[in-house]
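One structure is given below, encoded as structure tokens.
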4 protein chains.
Amino acid sequence: MTAPASGTPAASAAATVLAPAPPRTARVAVLGATGYSGQEFVRLALDHPGVTIAALVTREHAGRPAAEFLAGLDPRAATLPAAIAPDALARLLADGAADTVVACLPHGAWRSLAAEHGLEGRAARIVDLSSDHRDGASGYAYGLPELFRADLAGATRIANPGCYPTAAALALAPAAAWLAGPVMVHALSGISGAGRAAELRTAFVERHDGASIYRAGSGHAHVPEMERSLARAGAAVPIGFAPQLVPMNRGILLTANAPLAQAIEPAAAHAAYAARYANEPFVRVLPPGEWPDTRNVRGSNRCDVAVTTLHGGRTLLATAALDNLVKGAAGQALQNLNVLLGLPETTGLPRHGSPW
Amino acid sequence: MTAPASGTPAASAAATVLAPAPPRTARVAVLGATGYSGQEFVRLALDHPGVTIAALVTREHAGRPAAEFLAGLDPRAATLPAAIAPDALARLLADGAADTVVACLPHGAWRSLAAEHGLEGRAARIVDLSSDHRDGASGYAYGLPELFRADLAGATRIANPGCYPTAAALALAPAAAWLAGPVMVHALSGISGAGRAAELRTAFVERHDGASIYRAGSGHAHVPEMERSLARAGAAVPIGFAPQLVPMNRGILLTANAPLAQAIEPAAAHAAYAARYANEPFVRVLPPGEWPDTRNVRGSNRCDVAVTTLHGGRTLLATAALDNLVKGAAGQALQNLNVLLGLPETTGLPRHGSPW
Amino acid sequence: MTAPASGTPAASAAATVLAPAPPRTARVAVLGATGYSGQEFVRLALDHPGVTIAALVTREHAGRPAAEFLAGLDPRAATLPAAIAPDALARLLADGAADTVVACLPHGAWRSLAAEHGLEGRAARIVDLSSDHRDGASGYAYGLPELFRADLAGATRIANPGCYPTAAALALAPAAAWLAGPVMVHALSGISGAGRAAELRTAFVERHDGASIYRAGSGHAHVPEMERSLARAGAAVPIGFAPQLVPMNRGILLTANAPLAQAIEPAAAHAAYAARYANEPFVRVLPPGEWPDTRNVRGSNRCDVAVTTLHGGRTLLATAALDNLVKGAAGQALQNLNVLLGLPETTGLPRHGSPW
Amino acid sequence: MTAPASGTPAASAAATVLAPAPPRTARVAVLGATGYSGQEFVRLALDHPGVTIAALVTREHAGRPAAEFLAGLDPRAATLPAAIAPDALARLLADGAADTVVACLPHGAWRSLAAEHGLEGRAARIVDLSSDHRDGASGYAYGLPELFRADLAGATRIANPGCYPTAAALALAPAAAWLAGPVMVHALSGISGAGRAAELRTAFVERHDGASIYRAGSGHAHVPEMERSLARAGAAVPIGFAPQLVPMNRGILLTANAPLAQAIEPAAAHAAYAARYANEPFVRVLPPGEWPDTRNVRGSNRCDVAVTTLHGGRTLLATAALDNLVKGAAGQALQNLNVLLGLPETTGLPRHGSPW
């Protein structure tokens, strides 16, 4: 038996902040249920005591039983509704059969669906996994609890952070006050990060047994999101980005470096990181000399972080590993939903990784 | 939330058989906790309501905290004891701090340890994952509940079946009465099936991006175990075996063929299999036209089975997929332990696979 | 330096048969140059002394330089023509700039293109890698030299065998006279065998770290081709087929079993196979006790074969490994082209594998 | 047919420098013939017109035929000597049966073997793939022709560069004059870079489907070698290093960043790199907007380089991909041997990659 999750300080703190008690169970409509983050959300939700899957919304499979499009599901062991098309969702929200939207859609799609079917106003709670509302302009709170938990108090709409930006923010935020110049972020992603679509660029043979860089520089869509988080954490510095695809299903492995205004000893950097995340159940600062491995966080909602300084303490080297489908997508969505529901943040979320 | 597992007919049946109620919680000493099946057992046990890990026994790491040798573990989220050497186990069993042994050791090791330290008589329950006691000669019941559940009534010592033999038995047993001659079993295994040892033959570069056959014929150690199960199921026929290693971490994919005494239509074969396993929560007979994929059972205790006949119904083609570390090892050990404890067989065991 | 290929007995034999000498250099138009077998053909042809790439035909990339659609090519090290569309090919053939067609197209495409543009009659030599002309009905010789070399004498049109059928025929032909009943063929294929198209079923995440069976039974398109070869080799028996996809780029690993009319000792079976292929440079019969590994033939035009018998010699177990893009496609096409050109069969074709 | 390699300007230049003509054929003793770089050297040497394998030196396999320890080899297609132990090598060198040593041994091993058996003085030519003589102190020339070709004139002993240092030097040297501060090198390596030994850390299951960082900082053994090359190229700046292991057999993918003294436009950076490597057959500067992929150089002796600048031109982002077993080891050894033999540098070395 695991140690009771609710006993962690951070979780209690989070729960305390959010009284008076909202309803403890969400009837969730999952949009984009066939994508990788959508399927991961359903898988995690099946073991979550505060979530009922009320609808699986997917235009392509509307009318078909869940086991036909959710890989791995044993239909005898889960009572899931058949898929519905987006236009049926408005009715479900209107009559209260669903009260929460979790949108696991490509960028732009939720915004446009919501407008088309008048969905935005009918859902008690919305967690949007796309990048559409991450700029803070449209009333969605940015759902990265470890850094911006206060934003979530009272929120009902949440923009779930991207996988690269989550890793970058957790790796860099504790050092924000020290930074003296541009940050360079190098990051590896597993192939599920590219989404579930029939494309030659993500075909097995094209991705197997090799590694490649893509859209390096400052032009990647995730750069502004990373810069915003870092600025809110205290460092208004530009970010350069070198994203790379490596032949694994899941995982982000990030290494970032930056010049520091003053020399910081490696031990001091480590101590500051350890203190910053001491009460965070989903961030583990590794002991000095250990470095992140995506396997250790595979399937979990944890982000492992390690830090040191080089060159007499004048260069920061910060690193992080997370599972892009869990802490980088579906798990973080559930973590945010836990906050919205007033549940301990760790409810229903794995903290141990399954390395192989 | 998943459908309550205890409601499945098979689980109820199993529970009924085993009254009067034994203690519902096991204090388990895991031997060989650093191997792949040992680590998998710990991972599953951490989410199991009827199991407490009382000891992690590993000579190599004795004295070290669990998080140092169990990959992926977040030490803040699990209260596990530090490792102990085998000689400390006798005392734990003697004073009742541990009452159950789960031996995840190489073949021969449990038998010899038990003799050396006088362990055999001190444990209330033993599940041995090695092949040492699978021949039925030494008082260990063969723990394949779907086929030999009656054997487990009242048992306290269980020989956990091998991964290949579990797949073979589940794929072939329903057809046993039809078989007219030798069975040929072709099976692919992921590399974790070869154990966790520093060997060149299981090195990444030696196993990646290729497939190979090994010890084909009748000489593989698993052949007698397969023949015994098939004989008990009703078919005293010889088995030929072509095991193959493919570049994946987990999974067995088995295809077997055999001549049939009389013509059986594909639909009749499917119907017989479906009927045979209708009440088995951990065996799913796929609809006609679908074939097993190891991804669909990955991380679960499920075995997916599909069957057809060829050549005018005179040749059986039976197939199965399971996760060698779960249904082929640690999960089946927990399933057996559930039986020993009088718990529903499905307690704490995943039925959905996590395909990627 | 390698031993001179032309010295092998088989190659000499082949050269002898085909006098008087045809032209020794082919000006080849490659159709479907962007697919996996098309790219492999170009790669092999660049090192072949008797082949000049006269045209790269691909509708999609017409007008673009070769380095933009042939992965890995260093444009400074190869002088290749820019791509042309199919309709430009007729002219090239008419004016003699190209004299040979190698069609690496999906099934049906060459036949239809040839008809549309009147290509069939204009090419001095045609090698078709699709299954369109493998039934022997349309005047194309079946290009499996090791079994049907005599067919190629004087031929100018060749149907290049499929990858599964090549492996099956080479594994089973020496035993044809012994077979007493249906043959069951189990075979693993790397993902490149499914072709180069944007499809979800061949996406990295869908294929990685797992194995699956597809279209098992007698319905796979390759079954009749296998049965034809086996019948021509002397055994008119039905074949059952269980094809499986495993997570590797290249390779076929085949295991087949069948009942034998009389008992054959393993040593006798091995001796017969060794004798049958003694003079074949591209088939290696492994020593007793060794089994095929796709890595050992990776990138080569070799097929490794191993055989034994079981159950007192009454069951044949025949196995083979080859590289589906080389001996199973582009390499065999070059081998056939060597025959058409009167060159030693081994010209320009790797016999050593590159295992990693 | 490929364009004739000897026609490339760089190769001609190299040949010109090294007159008068030394012997054009080397009788090579390969030490460490069973490791990954040793086997790769043999594979490349079999197709090289100026190299004869005179001895395969491996204590472990002494007396055994080559095909038993060289994976993929077809013994019928290559006439290789049986393995000998190191103590038999002195005699071969003494009587002239071998005149060249290529040492593919772990670090320290060649130095110690040479001393023990008095080998150093007997070989006309030595190429050492270990790091033992890379510091320039012991009379071995550092064999990175693209940057330090002049050093090789008249040399007979060559220290072959490391795989990471080769990629770092080629990526950074053209920018050396611009650098204003510490360089951070992030680099991914395939698992063959860790050598061929029975170790748990390179086991398939431990490395598959995940990525990890190791020995990040300044402490990796390769950092001084990288700093030396960069200093010789004109930039005496410290280097930080974050090496990472990703689940592929071969390949280095390197991304490096550094502050620049003055703003350099991306186009100017690209132009400088393109000019620097215009005559280098084994370095390809990718067009702007394209980034390296290890697949494109797989199996070749090529290094693909791409560069840009960020943050108004004040940050360099330089990237490179190479095959660690070819340009990072065995191929570069042959390139160096070509120089020693007065052959065109490109002789016998693939320039096209085989991506899958």
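The values are calculated or read from the model by the stated rules, or taken from the named source; none is laboratory data. What you are looking at is a predicted structure, and each value in this text was computed from that prediction instead of being measured. Neighbour counts run over all protein chains shown; Cβ positions are idealised from the backbone, glycine included. Accessible surface areas use protein heavy atoms only, side chains included; no ligands, DNA or RNA. Shrake-Rupley method; radii C 1.70, N 1.55, O 1.52, S 1.80 Å.
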Check your understanding: For label points placed 7 Å from Cα toward Cβ, what is the shortest-first list of nm distances from C:Ala268 to its copies?
Key -> 3.7, 8.4, 8.5
Exercise for review: Report, in debye and to the nearest 20, how large the dipole of chain D comes out about its Cα centre when Lys and Arg carry +1 and Asp and Glu carry -1 on their Cβ.
Suggested key: 180 debye
Practice item. Would you be so kind as to identify which of B:Met248, B:Val326, B:His117 lies farthest towards the positive end of the dipole of chain B, taking Lys and Arg as +1 and Asp and Glu as -1 on Cβ and the Cα centre as origin? Key: B:Val326
Check your understanding: Amide H to amide H under 5 Å from A:Ile84: which residues, 5+ apart in sequence or cross-chain, H placed 1.01 Å off N in plane?
Key -> A:Leu56, A:Val57, A:Thr58, A:Gly63
**Study point:** Loss of accessible area when D meets A, both sides summed, Å² nearest 100, probe 1.4 Å
**Key:** 3500 Å²
**Study point:** Surrounding net charge for D:Leu245, when Lys and Arg each add one and Asp and Glu each subtract one, Cβ distance under 13 Å
**Key:** +1
**Study point:** Charge context of B:Ile264, other residues only, Cβ under 15 angstrom, K/R +1, D/E -1
**Key:** +1
**Study point:** Summed side-chain charge close to B:His311 - residues other than B:His311 whose Cβ falls under 13 Å, Lys, Arg +1, Asp, Glu -1
**Key:** -1
Point to revise | Label 7 Å beyond Cα on the Cβ vector: B:Glu199 copy-to-copy distances, nm | key: 2.0, 3.7, 4.1
**Study point:** Dipole moment magnitude, nearest 20 debye, the protein assembly as shown about Cα centre, only Lys, Arg, Asp, Glu C-beta charged
**Key:** 0 debye
Check your understanding: Near the amide H of A:Val51, under 5 Å away, which other amide H atoms are found, from residues 5 or more places off or on another chain, if H is placed in the peptide plane?
Key -> A:Ala26
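Residues of B:36-46, mean number of Cβ from any other protein chain within 10 Å of their own Cβ, rounded to a whole number?
2
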Revision key, fill the gap. Yeah, chain A with a ≥ b ≥ c from its alpha-carbon gyration tensor (a/c under 1.5 is rounded, else prolate when a/b outruns b/c, oblate otherwise) is prolate
Practice item. Anything losing 50 Å² or more of accessible area from the isolated chain to the full protein assembly: pick those residues out of region C:281-312, probe 1.4 Å, ligands and DNA/RNA ignored. Key: C:Arg284, C:Trp291, C:Arg295, C:Arg298, C:Leu310, C:His311
Revision key, fill the gap. With the full set of protein chains present, the residues of region B:162-204 whose 1.4 Å probe accessible area falls by 40 Å² or more relative to the chain alone are B:Met184, B:His186, B:Leu188, B:Arg196, B:Ala198, B:Leu200, B:Phe204
Point to revise | Computed P(r) (all Cα pairs; the protein assembly as shown; 10 Å bins; percent) | key: 2, 8, 16, 20, 21, 18, 11, 4, 0, 0
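So how strong a dipole does region A:18-139 carry about its Cα centre when Lys and Arg Cβ are +1 and Asp and Glu Cβ are -1, to the nearest 20 debye?
Values: 11 positive and 13 negative charges, 46 e Å.
My answer is approximately 220 debye.
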Review point. Averaged per residue, what accessible area in Å² does the protein assembly as shown show with a 1.4 Å probe, protein chains only?
Key: 30 Å²
Review point. Which distances in nm, rounded to one decimal and ordered from shortest, link the label point of C:Ala153 to the equivalent label points in the other identical copies, with labels set 7 Å from Cα toward Cβ?
Key: 6.2, 7.6, 9.4
**Study point:** Ellipticity estimate at 222 nm from DSSP helix runs (n ≥ 4, -39,500 (n - 2.57)) divided over chain C, nearest 500
**Key:** -7000 deg cm²/dmol
Review point. Amide H to amide H, which residues 5 or more places from A:Leu105 or on other chains are under 5 Å from it, using H placed in the peptide plane?
Key: A:Leu129, A:Ser130
Practice item. With a/c under 1.5 counting as rounded, go ahead and sort region A:66-208 into rounded, prolate or oblate using the C-alpha gyration tensor (a ≥ b ≥ c being the square roots of the eigenvalues; past the cut-off, prolate if a/b is larger than b/c, else oblate). Key: oblate
Review point. How large is ³J(HN,Hα), in whole Hz, for each residue of region C:301-316 in order, when computed from phi with the Karplus curve 6.51 cos²θ - 1.76 cosθ + 1.60 and θ = phi - 60°, using x for Gly and Pro?
Key: 9, 8, 10, 8, 10, 9, 9, 8, 10, 10, 6, x, x, 8, 10, 8
Revision key, fill the gap. Phi-derived 3J(HN,Hα) across region B:128-134 with the Karplus relation (6.51, -1.76, 1.60, θ = phi - 60°), rounded Hz, x for Gly and Pro, is 9, 7, 7, 8, 4, 10, 7
Review point. Which Cβ of chain C lies nearest the axis of the rotation superposing C onto D, and at what whole-Å distance?
Key: C:Asp209, 3
**Study point:** ³J(HN,Hα) computed for each position of region C:198-207 - Karplus, 6.51 cos²θ - 1.76 cosθ + 1.60, integer Hz, glycine/proline x
**Key:** 7, 9, 5, 5, 10, 5, 3, 5, 6, 10
Review point. Counting only other chains, what is the mean number of Cβ atoms within 10 angstrom of the Cβ of each residue in peptide D:215-223?
Key: 3
Revision key, fill the gap. Within region C:158-176, the residues whose backbone N lies under 17 Å from a label point placed 7 Å from the Cα of C:Ala268 along the Cα-to-Cβ direction are C:174-176
**Study point:** Accessible-area composition of the protein assembly as shown, carbon plus sulfur, in percent [1.4 Å probe]
**Key:** 55 percent
Review point. What's the Kirkwood radius of region B:231-356 in Å, using all Cα pairs?
Key: 15.8 Å
**Study point:** Dipole of chain D [Lys/Arg +1, Asp/Glu -1 at C-beta], most positive-end residue of D:Ile213, D:Val307, D:Leu179
**Key:** D:Val307
